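The values are calculated or read from the model by the stated rules, or taken from the named source; none is laboratory data. It should be emphasised that the depicted structure is a prediction, and the values quoted were computed from it without experimental measurement. Using ideal geometry, Cβ is built from the backbone for each residue, glycine included, and neighbour counts are taken over all protein chains shown.
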């Protein structure tokens, strides 16, 4: 098989949304398939792409462009229709002539131009939708193009049922060619980590890119700055890197959130959960965060907002806690309910872990690669 993978994410060099397509591309290379990838060009090396190239995939770097929503705001799309993908990318697709084009979208709409190109070139294409949110609403001037791209796709893959339903509502159509797949995670099913000691403060980890508009770390700072939380033996460690570290640090100082610590990027999942009792996930929008799955597989209780796939695996009040909305009030309410049942956290986490192991595929990359191969043979 000749497979082309296209990453549309241009907001940051790398993120959790890039793991599924890149690891699947590596797997297909290992199976002897011909793989080429089109990715945005950054001025810094990206280890995951270097690993992909080392496996035999050909990388084609293209200049970064403003995101689709930004270009819509700037009125760079006329009423007459969508612009085309750049000429060099069209030439690449035509000359490579892949059996399948996999378009990986960090958000809901960025792959539309690539879908149009595939339709014009009569190339089979599949779409992966990672994050989504109600604030990303399609405009009448281009929704017909997007609907056509989805309808003609061999398959449309989501990482949560909630995001699939949201896109169906926004497009006003049932996506009969859609299904939900699993992102890969960084811990094994059989991973067994002892529970941290409970004779000191309870410790919650907030893991994710430091980008509050998506990940909601500002909500954590405002909640933990409340008098009641500052008086209780509880701490929050914020793990991650991103474009908003300094503003978040200034906010923490302004709010006097002395029970919150910024601990930087941590690539060792085990290292986090050896000393933390639970995950605090205050996201405003998501796909299905890897941090949620990894925390649950490590036997840690999860407190998360009810966005995208968070509530798909975390059952409120049964084996975790769900904040009804990404607001200070709702996050405080979920954390308060969790605090009142803090002596149950370990038992709840173990129950969630056992259930999750049964629900998740043993090899999400292998399962996704197999789906793509079947599309080519269909």
Q) Which of (1) at negative phi; (2) at pLDDT 95 or above; (3) surrounded by fewer than 18 Cβ atoms within 10 Å (Cβ to Cβ) does residue 32 not meet, given it meets every other one? A) (1)
Q: Filter the range 128-160 down to the residues that are out of contact with any helix residue (DSSP H, G or I) (no Cβ under 7 Å at 6 or more places or on another chain) and within 22 Å of residue 293 (Cβ to Cβ), then identify the one that is surrounded by the fewest Cβ atoms within 10 Å (Cβ to Cβ).
A: 133
Q) Pick from 177, 163: which is touching a strand residue (DSSP E or B) at 6+ places or on another chain (Cβ under 7 Å) and under 30 Å from residue 295 (Cβ atoms)? A) 163
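Listed residues 226, 254; which is at pLDDT 95 or above, over 25 Å from the mean Cα position of the chain (by Cα), under 21 Å from residue 338 (Cα atoms) and not assigned by TED's automatic domain parsing to the domain that holds residue 130? Steps first, please.
Working: 254 fails: under 21 Å from residue 338 (Cα atoms).
Criteria check complete, one pass: 226.
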Q) Is it true that some residue in the range 322-343 is free of Cβ contacts under 8 Å to residues at least 12 places away in the same chain, closer than 24 Å to residue 106 by Cβ and within 23 Å of the chain's Cα centre (by Cα)? A) no
Q.
Among (1) surrounded by fewer than 21 Cβ atoms within 10 Å (Cβ to Cβ); (2) within 21 Å of residue 156 (Cα to Cα); (3) at pLDDT below 95, there is one condition residue 307 misses while meeting the rest; what is its number?
A. (1)
**Q.** Residues located in the range 96-122, provided they are free of Cβ contacts under 8 Å to residues at least 60 places away in the same chain and within 19 Å of residue 35 (Cβ to Cβ)
**A.** 117, 118, 121
Q: Mind checking which strands (runs of 3 or more DSSP E) fall wholly inside the range 1-63 and carry at least 2 residues that are under 20 Å from the mean Cα position of the chain (by Cα)?
A: 2-7, 34-40
**Q.** Filtered residues of the range 199-210 (kept if at negative phi, at pLDDT below 95 and in contact with a helix residue (DSSP H, G or I) (Cβ under 8 Å, 6 or more places away or on another chain))
**A.** 209
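Give the range 88-114 a look and list any residue that's part of a strand (DSSP E or B) and under 18 Å from residue 61 (Cβ atoms), or say none. Explain how you work it out, then say what you get.
Initial filter on the range 88-114 (part of a strand (DSSP E or B)): 100-105.
Passing the criteria: 101, 102, 103, 104.
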Q | Selection status of residue 211, out of contact with any strand residue (DSSP E or B) (no Cβ under 7 Å at 6 or more places or on another chain), without any contact (Cβ under 8 Å) to a residue 12 or more places away in the chain and either buried (at least 22 other Cβ atoms within 10 Å of the Cβ) or under 30 Å from residue 269 (Cβ atoms) (or both) | A | no
Q. When you look at residue 232, is it assigned to a loop (DSSP other than H, G, I, E, B), in contact with a helix residue (DSSP H, G or I) (Cβ under 8 Å, 6 or more places away or on another chain), modelled with pLDDT under 95 and surrounded by fewer than 23 Cβ atoms within 10 Å (Cβ to Cβ), yes or no?
A. no
Q: Please go through the range 132-156 and pick out each residue that is touching a strand residue (DSSP E or B) at 6+ places or on another chain (Cβ under 9 Å), touching a residue at least 40 places away in the same chain (Cβ under 8 Å) and under 15 Å from residue 107 (Cβ atoms).
A: 132, 133
Q. Somewhere in the range 342-354, is a residue under 29 Å from residue 102 (Cβ atoms) and modelled with pLDDT of 95 or more?
A. no
Q. Looking at (1) modelled with pLDDT under 95; (2) outside any helix (DSSP H, G or I); (3) surrounded by fewer than 19 Cβ atoms within 10 Å (Cβ to Cβ), which is the one condition that is false for residue 288?
A. (3)
Q: Go through (1) touching a residue at least 40 places away in the same chain (Cβ under 8 Å); (2) within 17 Å of residue 202 (Cα to Cα); (3) crowded, with 23+ Cβ neighbours inside 10 Å one by one and return the number of the condition residue 274 breaks.
A: (3)
